[in-house]
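This report concerns only the one structure given below.
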Amino acid sequence: MSVEQIRQLIQLLSLTNHSTTAMRVVLIHPAEVMNTASANALLKVLEEPPNNTIFILVAHQIHRLLPTIISRCQAIAMPIPQRKVAIDWLESQQVGDPNGVLDYAGGAPLIALQNSGDFTAQSMVYQHLAKGGKLDTAACAGLLLEHGMEAALTLLQKWMFDLQLSTHALPSHYHMKLAKSLQALAKSVNLSALLDFQRELVQAKVTANHPLSQELQLEAILLNYKKVFKH
């Protein structure tokens, strides 16, 4: 979120400040993506908020917010619900494989519901990724791009996170049902190459919407995925 966006928001609020008596709500989500400049710009309006205006800042990583921002807000913790409650709710929403969907969403049921339509198709991607160094990069890239470049990179990041856990004999966080596949794959992992690949995924996220051919970009990324494994 840029400082210019915050300035435009402040300008809009000032223009309408005297033209309405209705309550206005400003929602900023996710608030932690603000850089220092945009956070400081927002801080000024939080210190002297316009009349009839409520600011709601939603942050998943509150420690990334400036302490001065936090001090001017009322913190309301909204923890992830208990697993059984979340599973029961997803079942009531007629979500297929609620356990797998919830795992992939990190235990967050609303995100699980939002992504549930793509989850079944992802199983084919996992079959490819489980081949490790024998991966068919072109076929896998085509399947991944059905979800969009950013979603494809997120899927790879979650897969690599669990693969790294498996190399240390730790339980999976996002792919509990695929724990055996990950454990088998972990035996052939070059840990140094795995860490390098995770850093590459972080950098790729920055340019996820670049106009360059996403298919070629993703195939190049998957070629480096194959290098994570010892031959």
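The values are calculated or read from the model by the stated rules, or taken from the named source; none is laboratory data. Predicted, not measured: the structure shown is a model, and the values here were computed from it. Because the Cβ atoms are built from the backbone with ideal geometry, glycine has one as well, and the counts that use them run over all protein chains shown.
Listed by first and then second residue, the pairs linking a residue in region 208-224 that is within 15 Å of residue 147 (Cβ to Cβ) and at pLDDT 70 or above to a residue that is in a helix (DSSP H, G or I) and among the hydroxyl-bearing types (Ser, Thr, Tyr), with Cβ atoms under 8 Å apart and 6 or more places separating them unless they lie on different chains, are 222/137.
Among the residues of region 186-206, those identified as surrounded by fewer than 12 Cβ atoms within 10 Å (Cβ to Cβ), farther than 18 Å from residue 130 by Cβ and either among the polar types (S, T, N, Q) or over 20 Å from the mean Cα position of the chain (by Cα) (or both) are 192, 203. Identify all residues within region 130-163 that are closer than 13 Å to residue 198 by Cβ and in contact with a strand residue (DSSP E or B) (Cβ under 8 Å, 6 or more places away or on another chain); write none if there are none. Listed by number, the list holds a single entry, 163.
Among 172, 192, which is the only one that is polar (S, T, N, Q) and farther than 18 Å from residue 122 by Cβ? Step through it out loud before you land on a result.
Details: 172 fails: farther than 18 Å from residue 122 by Cβ.
When all the criteria are applied, what remains is 192.
Table: residues versus (1) touching a residue at least 40 places away in the same chain (Cβ under 8 Å); (2) in contact with a Cys (Cβ under 9 Å, 6 or more places away or on another chain); (3) surrounded by fewer than 18 Cβ atoms within 10 Å (Cβ to Cβ).
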residue: 113; (1), (2), (3): no, no, no
residue: 138; (1), (2), (3): yes, no, yes
residue: 151; (1), (2), (3): no, no, yes
residue: 157; (1), (2), (3): yes, no, yes
